[in-house]
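Notes follow the structure.
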Amino acid sequence: MLKVERHQALLELCAEHGSASVKEISDALGVSEMTVRRDLSELANMGKLVRVHGGARMPSSAHGTKLTHALTHVEKMQEHIDEKRAAARQAALIIQPGDTVFLGGGTSVEFMVDFLPDGPIRVITCSMPVFTALADRDNIELYLSGGIYRRRTNILRGLPGERALQSIVCDKAFIGATGIFHNEVFGTDTEVGSFLQTAFNRSTERYLVADSSKIGQRDFFSFYSIDDVDAIFIDSNITDEQYRQLSEHTRVICG
């Protein structure tokens, strides 16, 4: 593959996902990690990419980077695994025995099930993977929110679930996002956004759990303001500037 072809393929990969690690690019293009790092440096010098720890992301425009491809649940579970686990681990630390918590859809939130406390808690979720993972835990009183099942995302959503949530009050809600841009939190569509908005509004404390690749991304529907979120749990790969910008709106806790 010629360098110009490799650069184009690399840019397309980053544009599709918003960001990519050196290993992900190396595996996708079939070239060495040393070659990838050299290409990333050249593209960053041309202003076409922004280098981040372990990889690169697309530069954010004044309107953010628009997501052009909605990933399936399986695809999302294969991306940024270490970053998602780091954010999830930090988020789970604030859950106390006796809490009633809402765990929303999103793969970063799913990883929280590995770090939940041993003490008794009550969990309401719209995520089928979360429900399945917690079904055999004796110390957890588990509720499925109800709604319409979407196989592509593996979550329940829609008006039936929203109505059920409106009669419940949670101590803490943990929700993921497909994008975070300026002070807005984005979801894939109005149905998902409205459902998650209801979950946040019925919770005393509201937390966003996301990996750093979501920063600068925007999707179809903005469902919440970061100003109204108690904190965002995120991995340590965010830049100093991203940390500063997020901190203007809410507390930022890095894993």
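The values are calculated or read from the model by the stated rules, or taken from the named source; none is laboratory data. Predicted model only: the values in this text are computed from it and were never measured. Backbone-built Cβ (ideal geometry, glycine too); neighbour counts: all protein chains shown.
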Seminar exercise, completed: Within the range 22-34, the count of residues that are touching a residue at least 12 places away in the same chain (Cβ under 8 Å) and surrounded by 15 or more Cβ atoms within 10 Å (Cβ to Cβ) comes to 5
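Would you point out which residue out of Pro97, Pro59 is assigned to a loop (DSSP other than H, G, I, E, B) and either buried (at least 21 other Cβ atoms within 10 Å of the Cβ) or at pLDDT 85 or above (or both)? Outline the logic, then answer.
Values: Pro59 fails: either buried (at least 21 other Cβ atoms within 10 Å of the Cβ) or at pLDDT 85 or above (or both).
Just one listed residue meets the conditions, Pro97.
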Exercise. From the list Thr198, Thr178, which one is in contact with an Asp or Glu (Cβ under 7 Å, 6 or more places away or on another chain) and surrounded by fewer than 24 Cβ atoms within 10 Å (Cβ to Cβ)?
Worked result: Thr198
For this session: Kindly establish whether Arg122 is under 15 Å from Ser203 (Cα atoms), without any contact (Cβ under 8 Å) to a residue 60 or more places away in the chain and more than 19 Å from the chain's Cα centre (by Cα).
Result: yes
Exercise. Given (1) surrounded by fewer than 19 Cβ atoms within 10 Å (Cβ to Cβ); (2) within 15 Å of the chain's Cα centre (by Cα); (3) at pLDDT below 85, where does Arg89 come up short, assuming only one miss?
Worked result: (3)
Seminar exercise, completed: Expected single match for assigned to a strand (DSSP E or B) and within 22 Å of Ala86 (Cα to Cα) among Phe131, Phe102, Phe111 is Phe102
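Of all the residues that make up the range 18-47, how many are outside any helix (DSSP H, G or I) and in contact with a helix residue (DSSP H, G or I) (Cβ under 6 Å, 6 or more places away or on another chain)?
Restricting attention to the range 18-47, the residues satisfying the condition of being outside any helix (DSSP H, G or I) are 18-21, 30-32, 46-47.
From what is left, the residues that are in contact with a helix residue (DSSP H, G or I) (Cβ under 6 Å, 6 or more places away or on another chain) are 18-20.
Selection size over the range 18-47: 3.
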